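The values are calculated or read from the model by the stated rules, or taken from the named source; none is laboratory data. The structure presented is a predicted model; accordingly, all values stated were derived computationally and were not measured. Backbone-built Cβ (ideal geometry, glycine too); neighbour counts: all protein chains shown.
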Amino acid sequence: MAGVAALPAVACTLAWGAGAASTPPSAGGRATAVVTSDVDGDTIHVRVADRDEKVRFIGVDTPEVAWYGHHGECFGPEAALYTRHRLVGRSVRLVFDVRLRDPYGRLLAYVYVGRELFNRTLVRLGYAANDPVPPDTRMERVFAADEAAARSRGSGLWTACPGPAP
């Protein structure tokens, strides 16, 4: 139970419902969670305060995978496998921006592994494109510069995939 005491207050509010706080998490807050699985390169499942949540990474877009009946895109499996390898089973810090959830009910977050902003890592290594969606644009300039550098180096999808970005 020592780990529970270390969770930020916002993380505890993620477990609203029977016997838990009835206040949902707030935009601009943060939470500590354990990644339980990946959906694709830019979406994961986490366990936080005894609740499973789907989390969509803010500001980035990886190519789609064909694993769930979707039309697969070039470099989608590579991005998804990279996310799986790096995050599943690890503790991460979720930092929320202006909106807490997208229209599909997913939490929207910047995902940190230690001090590393994983969203940014995906763009820097060419697994993702910069994808600013207002109003959650706090890191837009940083991600845009990282994408430009990845393109000029020919990193990841910028060499592997002909045609437009995801």
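The condition of being basic (K, R) and either closer than 25 Å to W158 by Cα or more than 13 Å from the chain's Cα centre (by Cα) (or both) holds for only one of R90, R106, R101, that being R90. Considered as a group, the residues in the stretch 54-91 that are among the acidic types (D, E) and out of contact with any helix residue (DSSP H, G or I) (no Cβ under 6 Å at 6 or more places or on another chain) include one that is modelled with the lowest pLDDT, and that residue is E73.
Going by what's in this entry, would A49 be described as hydrophobic (A, V, I, L, M, F, W, C), surrounded by 15 or more Cβ atoms within 10 Å (Cβ to Cβ) and at pLDDT 95 or above?
Spelling it out, it is not the case that A49 is hydrophobic (A, V, I, L, M, F, W, C), surrounded by 15 or more Cβ atoms within 10 Å (Cβ to Cβ) and at pLDDT 95 or above.
If Y104 meets every condition in (1) surrounded by 15 or more Cβ atoms within 10 Å (Cβ to Cβ); (2) part of a loop (DSSP other than H, G, I, E, B) apart from one, which number is that one? Condition (1) is where Y104 drops out. When the stretch 108-137 is filtered for residues that are out of contact with any strand residue (DSSP E or B) (no Cβ under 8 Å at 6 or more places or on another chain) and part of a loop (DSSP other than H, G, I, E, B), the ones remaining, listed by number, are G114, R115, L125, G126, Y127, P132, P134, P135, T137.
Only one of R47, R93, R56 is free of Cβ contacts under 8 Å to residues at least 24 places away in the same chain, basic (K, R), touching a strand residue (DSSP E or B) at 6+ places or on another chain (Cβ under 8 Å) and in a strand (DSSP E or B). Can you tell me which?
R47
So, of the residues in the stretch 150-163 that are small (G, A, S) and over 21 Å from the mean Cα position of the chain (by Cα), which turns out to be modelled with the lowest pLDDT? Here the answer is G163. G105 passes every criterion in (1) among the small types (G, A, S); (2) touching a strand residue (DSSP E or B) at 6+ places or on another chain (Cβ under 7 Å); (3) closer than 19 Å to K54 by Cα apart from (2). Of everything listed in (1) under 25 Å from P134 (Cα atoms); (2) at pLDDT 95 or above, the single unmet condition for T36 is (1).
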